[in-house]
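Some notes on the structure that comes next.
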Amino acid sequence: MKTIIPVGPYHPLQAEPEFFKLEVEGEKVTGLEINIGYNHRGHEYLAQRKTYEQIIFLVERICGICSCSHPFASVNAVENLAGIEIPERAKYIRTIIGELERLHSHFLWVGLAGHFMGYNTLWMWFWRYREPILELFELITGNRNHYAMMKIGGVSKDIEDEDISSIQKTMNELEAKTVMFIKAILDDPVIAARLGGVGILTKEDAIKYGVLGPTARGSGVAIDVRKDDPYAAYDLVPWDIIVFEEGDLLAKAKVRLLECLESIKIIRGCLEQMRKGEIETKVEDIPPGEGIGRHEAPRGEVFHYVRSDGSNMPLRYKVRAPSYMNVPSNEVAVKGYDIADAILVLASVDPCYCCTERMATLYDGNKKLTGKDLLKLSWKKTEQLKKKFSHSENKLASLL
Amino acid sequence: MNELEKEIQDTFKGISIKRHSPKRVYIEIDKEGAHELARFLYEEKGCRLVTATGTDTRKGYEILYHFSMDKTGIIYSVRTVVPKDNPKIMTLASFLPATNWIEREIWELLGIEFEGHPNLKRLLTAEDFPEAYYPLRRGE
Amino acid sequence: MKKPKLRELGEAIRALIGGPYTTKFPFAPSPAAKRFRGIMVFHEEKCIGCGACVEVCPANARELIDDLEKKTRKLTHIQERCIYCGQCETYCKWEALEHTQEYDLAQLTKEGYTNYIEKELVTCELCGEVITTKDQLLWIAKKVGELAYSNPTLTLILTQELGITEKIPERGEFVPYRSGHLRLLCPKCRRSVYLNEIWGY
């Protein structure tokens with residue numbers, strides 16, 4: 001007998017609205033149908049009526065957490081169209097802002113994954129260590145979110161000398177804490193049992209669905225825009241790309257955690273190599289033509305296409321966010337696992353639905369579970385696993 | 001011109017290749033040739049489909065398929081034009097599942113019909129959005 | 001699982017002793033950083049009413065409204081639409097707009113959400129169209145120095161402001177001939193007066 005469990009669209013469990021219809025038989029999930037469109041705001045239509053500099057602020061507000069990714073891709077696209085070269089100090093500053101954003105986004109994901117599993121202390125501790133990063137942003141750019149740093153031809157604000165010591169102090173503190181958290185997470189047998197072997201996305205499926213970012217790098221597909229098509233200062237400082245082959249949730253978590261350490265390495269490299277100089281070049285007119293710009297956001301590759309006819313407003317502006325390609329791959333990744341694991345698998349692609357899109361209605365399934373019920377199911381499984389491990393440990397202790 | 005571009009020039013007829021900047025190449029071809037070229041780039045050369053863009057221009061509705069060759073970092077954009085009085089083109093979803101949502105979006109906002117698509121339904125707009133109203137067309 | 005937990009024990013003790021990271025706003029102050037982009041204020045004496053801020057705003061939060069009867073130009077800022085991007089502050093050459101460090105927007109009445117300043121307008125005596133604001137003409141006059149005396153509009157405004165002449169008395173119907181060129185005229189009307197003077201009335 002088939003049961004349909006609707007998850008969404010207005011769920012206390014989810015940060016953004018999306019609608020999943022899970023088809024279950026017994027405890028196993030056999031199918032998935034996805035409905036999106038709850039956040040559609042018509043950015044491409046609006047972008048045809050704004051000037052190039054106003055578009056940077058329009059696309060910045062597509063998403064709150066990938067707030068510097070869209071402006072970064074946008075200025076890359078316009079600079080590709082017009083053939084503009086930016087000064088070197090601007091390249092380093094753009095890279096620093098991009099990597100700081102990657103740090104606080106990955107911390108947010110690990111905290112949420114901990115919450116879904118029942119590890120609330122992990123959640124609270126990780127989110128407490130996001131605060132120094134947000135304070136750094138307020139110090140350098142003027143706001144904790146929506147930094148308004150990108151400008152066609154460079155950056156809009158400079159990093160002062162007295163701020164550099166704050167950045168270095170925060171990086172030292174975060175590196176020590178990240179190493180401690182990585183060891184704590186990977187040592188825990190319950191987390192390994194919850195995440196290991198669950199939600200496997202094979203390499204063939206990853207290539208067929210065109211997934212991006214840590215979702216692809218956790219399945220053995222080694223793509224990263226920062227290495228394939230370098231821009232800004234990513235080819236001027238040394239760093240490594242992180243790839244794992246297994247394709248399950250533990251591999252994706254490991255990719256994100258180790259990428260945090262690489263980000264700290266890149267920021268330190270940039271601060272060391274930065275020299276004094278100009279932060280922007282003068283831009284006269286945008287000629288007719290077309291341009292493509294991309295950036296590696298924390299969730300994958302962001303792609304912007306712009307077409308100009310010589311006036312001060314573009315003819316066509318196209319935005320494609322990484323979650324658009326990652327979310328459909330859930331159809332194959334969630335089949336055959338328990339309902340309690342379904343929440344973790346749906347959250348493992350780190351979906352940002354604001355980047356994906358907009359609005360709708362509720363369906364009535366045969367059996368309806370609320371968000372709290374699904375969370376409780378997930379926590380119950382963790383409790384069972386904990387008992388199993390401590391039970392075996394007690395047995396071992398009694399044997400000795 | 002690098003080897004891949006020479007190979008494409010030799011294999012396909014009625015094609016014009018333009019290199020706009022070191023890592024951006026634009027290839028113009030007709031409707032049927034676009035389907036064959038997309039299959040060639042994906043299956044034989046291992047390129048990844050990034051996305052597809054639809055634009056309303058004077059000549060017709062222009063579709064651009066963007067393919068990325070990750071080994072070299074070059075993006076190959078395949079440009080094809082469909083006439084405004086008969087906007088139909090063959091879908092790529094038969095061999096590339098990634099185009100499922102991409103082609104649905106172009107149909108919903110621009111009105112181009114993709115023949116053979118398994119699921120051409122609304123994706124982004126609401127259920128009570130007016131039928132046959134395509135926001136990105138210039139006349140409306 | 002006892003040994004690995006020791007290293008987290010240190011963190012737990014630090015968290016217990018240190019207390020929560022959040023501040024108790026509004027019962028305790030929570031100051032913003034020096035560069036924080038907060039609520040915007042006008043500096044009325046520096047503004048010349050050019051309208052560059054209106055052109056640049058991405059969110060249409062600024063408006064410029066000319067009132068031809070009262071002869072004033074009203075520049076408004078609608079706080080509900082503002083996105084605190086800082087573009088108007090960057091592009092205002094006269095430094096008349098500034099971000100404060102205030103972030104608390106809550107108010108009890110709706111009127112407080114729209115601020116505005118008013119500037120005096122100068123209109124053409126022949127056709128009645130707007131030339132520009134008085135402050136902008138004074139700025140141009142001061143900037144070009146002695147060349148201001150080659151343009152009658154600038155000369156009239158400057159000498160009135162400096163108090164050298166009395167207010168211009170009513171002179172009756174306007175005749176677009178030699179005596180008419182020493183009046184406040186828009187560029188189009190000034191050209192027609194000069195042409196009449198050269199080619200005859």
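Values quoted throughout were computed directly from the atomic coordinates according to the rules given, and no laboratory measurement underlies them. Note that the structure is predicted; figures quoted are calculated from it, not measured. Here the Cβ positions follow ideal geometry from the backbone for every residue, glycine too, while neighbour counts run over all protein chains shown.
Consider just the alpha-carbon atoms of chain C and return their Rg together with their Dmax, both in angstrom.
Rg then Dmax for chain C, in Å: 27.9, 106.
Among A:276-287, C:41-52, what's the highest-first ranking by average C-beta atoms within 10 angstrom per residue?
C:41-52, A:276-287
Rule-of-thumb check for region B:3-86: C-alpha Rg over 2.2 N^0.38 Å?
Ratio of Rg to 2.2 N^0.38 Å for region B:3-86: 1.06.
Considering only B:F114, B:F67, B:F40, give the residue with the highest GNM mean-square fluctuation for chain B, with springs between Cα atoms whenever their separation is below 10 Å.
Ranking B:F114, B:F67, B:F40 by mean-square fluctuation puts B:F40 first.
With +1 on each Lys and Arg Cβ and -1 on each Asp and Glu Cβ, and nothing else charged, work out how big the dipole of region B:3-86 is about its Cα centre, in Debye to the nearest 20.
My answer is approximately 340 debye.
Could you state the angle between the C-alpha long axis of helix C:152-162 and the longest principal axis of the C-alpha atoms of chain C, as a value from 0 to 90 degrees rounded to the nearest 10?
Relative to chain C, helix C:152-162 is tipped by roughly 70 degrees.
Express the Stokes-Einstein translational diffusion coefficient of the protein assembly as shown in µm² s⁻¹, to the nearest whole number, given a Kirkwood radius over alpha-carbon pairs, 25 °C and a viscosity of 0.890 mPa s.
For the chosen part, D equals 83 µm²/s.
Name the most mobile residue of A:Y45, A:Y209, A:Y92, meaning the one with the largest mean-square fluctuation, in a Gaussian network model of chain A with Cα contacts below 10 Å.
Largest GNM mean-square fluctuation: A:Y45.
Would you compute, for the Cα atoms of chain A, the largest minus smallest coordinate along each principal axis and list the three values in descending order, in whole Å?
Extents along the principal axes, in whole Å: 74, 50, 35.
Separation between the B:N86 and A:K203 pseudo-spin-labels, each 7 Å from Cα along Cα→Cβ, expressed in nm?
For B:N86 paired with A:K203, the spin-label model returns 4.5 nm.
So how far, in whole Å, is the C-alpha centre of region C:114-133 from the one of region B:1-26?
That distance is 59 Å.
Rounded to the nearest Å, what's the spacing between the alpha carbon centres of region A:128-163 and region A:175-218? Just the number, please.
Each part's Cα centre sits 30 Å from the other's.
Could you give the length gained by full extension between C:E197 and C:L6, i.e. 0.36 nm per residue of separation minus their alpha carbon distance, to one decimal place?
59.0 nm
Dipole size in debye (nearest 20) for chain B around its Cα centre, Lys and Arg Cβ +1, Asp and Glu Cβ -1?
520 debye
Roughly how many debye, to the nearest 20, is the charge dipole of chain A about its Cα centre, given +1 on each Lys and Arg Cβ, -1 on each Asp and Glu Cβ, and no other charges?
Dipole about the Cα centre, nearest 20: 1200 debye.
Once the cut-off is 16 Å, how many percent of the Cα-Cα pairs in region C:31-123 end up in the long-distance tail?
Here the long-distance tail beyond 16 Å is 56 percent of all Cα pairs in region C:31-123.
With the cut-off at 26 Å, tell me which of the pairs B:K18/B:K71; A:K91/B:K18; A:K318/B:K71; A:K151/C:K143 have Cα atoms farther apart than that.
As for pairs spanning more than 26 Å Cα to Cα, those are A:K91/B:K18; A:K151/C:K143.
Taking each residue in B:97-105, count the Cβ atoms of any other chain within 10 Å of its Cβ, then average. What number comes out?
The per-residue average across the peptide is 4.
Any idea how far apart A:S165 and C:D66 come out in nm if each label point goes 7 Å out from Cα toward Cβ?
5.5 nm
Sticking with the crude label model, points 7 Å out along Cα→Cβ, report the distance from C:T155 to C:A106 in nm, one decimal please.
6.1 nm
Could you put A:I84, A:I343 in order, starting from the residue whose Cβ has the fewest other Cβ atoms within 10 Å?
Neighbour counts put them in this order, fewest first: A:I84, A:I343.
Quick check for you: which residues of region B:1-45 have the amide N under 16 Å from the point 7 Å beyond the Cα of A:I241 toward its beta carbon?
No residue qualifies, since no backbone N sits under 16 Å from the label point.
Which one, A:F126, A:Y324, A:N172, is farthest towards the positive end of the dipole of region A:43-324 when Lys and Arg carry +1 and Asp and Glu -1 on their Cβ?
Sorting the options by dipole projection puts first A:Y324.
Quick one: work out Rg over Rh on the C-alpha atoms of chain B, Rh as Kirkwood radius.
Rg/Rh: 0.98.
For Cα pairs less than 8 Å apart in space and 6+ apart in sequence, what is the mean separation divided by the residue count of region A:43-324, i.e. the relative contact order in percent?
Value for region A:43-324: 30 percent.
Could you sort A:226-236, A:290-300 so that the peptide with the highest average Cβ count within 10 Å comes first and the rest follow in order?
Highest mean packing first, the order is A:290-300, A:226-236.
Have a look at C:I39, C:I13, C:I117 and tell me which one the Gaussian network model of chain C (Cα, springs below 10 Å) gives the largest fluctuation.
Among C:I39, C:I13, C:I117, the largest mean-square fluctuation in the Gaussian network model of chain C belongs to C:I13.
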